[in-house]
1. For a quick protection proxy, order the peptides 74-83, 265-274 by their average other-Cβ count within 10 Å, most packed first.
2. Whole-Hz ³J(HN,Hα) for each residue in the stretch 107-121, computed from phi via Karplus 6.51 cos²θ - 1.76 cosθ + 1.60 with θ = phi - 60°, x for glycine and proline: what do you get?
3. Could you let me know the centre-to-centre spacing of the stretch 265-311 and the stretch 196-250, using Cα atoms, in angstrom?
4. Where the Cα atoms of the stretch 161-320 are projected onto their three principal axes, how long is each span, largest first, in whole Å?
5. How would you rank 108-118, 306-316, highest first, on the average number of other Cβ atoms within 10 Å across their residues?
6. Under 18 Å Cα to Cα from LYS144, which lysines show up? Leave out anything in the same chain fewer than 8 places away.
7. Taking neighbour counts of Cβ atoms within 10 Å as a proxy for exposure, in what order, fewest first, do ARG97, ARG91 appear?
8. In whole Hz, with x marking every Gly and Pro, tabulate ³J(HN,Hα) for the stretch 49-66 from phi via Karplus 6.51 cos²θ - 1.76 cosθ + 1.60, θ = phi - 60°.
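We did not get these values from a lab; they are worked out from the coordinates using the rules stated. Because the structure is a prediction, the values reported are computed rather than measured. Positions of Cβ are backbone-derived with ideal geometry, glycine not excepted, and every protein chain shown enters the neighbour counts.
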Amino acid sequence: MSFVIFVIAMASLIWGADLLVRESERIALRFHISEFAIGATLIALGTSLPEMAASIAASAEGKSQIAIANVIGSNILNITLVLGTIFLISRRLNPDRDFFAKDSTWAIVPVFIFLLMIFDGTISRFDAILLLLLMAAYIIFLLKEARGIIAAEIEEIEEELQEGDQHGFSWLISLPLIMLGLVLIIAGANFTIESASDIARSFGISEWVIGIVMISLGTSLPELVVSISASLKGKVDMAIGNIIGSNLANTTIVLGAAALTKPMNLDVNAYLFDISTMIIATLMLVFITANKLYSKPAGIALFIVLALFLDHTIVSMQLS
């Protein structure tokens, strides 16, 4: 029964996030209220809403292992599973954007800051504020650096919304849908954490394993869907940019919001393999962008890291 609740709660979490993002885009585009600024924020944070809701709920309930494992697992899966899949299925792998020059810092700096913060075994509220400031710096970077790119993306969002918009804009429709999205996110997050904890207890495995595999895989689904859809349309820039922005949001605003809710403790030595895998995956991302290795062999290399990560997790489950 707990597994059924978990699946339904994850679906609620993802559907609620999609509703909230789409209706927010509709309102921004309808009133032309700083389209670029709102669009940049939604693009950077939209697909990280499930991770944020799940981690805040876990932190509030004193289950910091699930909250932190969700972020680490999502970052690993975004790079190895999502990016690896993009490289394997895309026909044209020739991004126009120089991700190494413009985005590699935003991919790797948050990871190293996270490492510095966990040396004392605690992510405090002060650490949380620093992480949120880093996310604010990224948004400012987006505002100043990528006006043309984001403007083009917003035009595309507007066209897609208009194509699927049979009723036209209406506050009477958009506001209830936004409220429904928020309710689905909050309820889905809470039921996800509770059911995941029940599953962990019934199978005798740690909450960390549940967080780093089941919850992180579920909350990574929006990134997977968005990135695969973009890559199949030949928009590799958007797909790769989504992963970099999402990982940054996970490490900064998701962890920051969770730690601001309640400081979180972490036994670094106990989870050294998973933390190291996140670092290695991030360094691989930087190496791939530096050498423009957007190819199927790079995708295979990422899948090898994913296989090692899953193998270690399975062994950990058997030993627990």
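1. Peptide ranking by packing, descending: 74-83, 265-274.
2. Per residue, the Karplus-derived 3J(HN,Hα) values read 7, 9, 4, x, 5, 5, 5, 4, 4, 4, 5, 8, 4, 8, x Hz.
3. For the stretch 265-311 versus the stretch 196-250, the Cα centre distance is 14 Å.
4. 55, 43, 28
5. Ranked by mean Cβ neighbours within 10 Å, highest first: 108-118, 306-316.
6. Straight-distance partners of LYS144: LYS102.
7. ARG91, ARG97
8. Result, ordered by residue: 4, x, 4, 5, 4, 5, 6, 5, 4, 5, 5, 4, 8, x, 10, 5, 4, 5 Hz.
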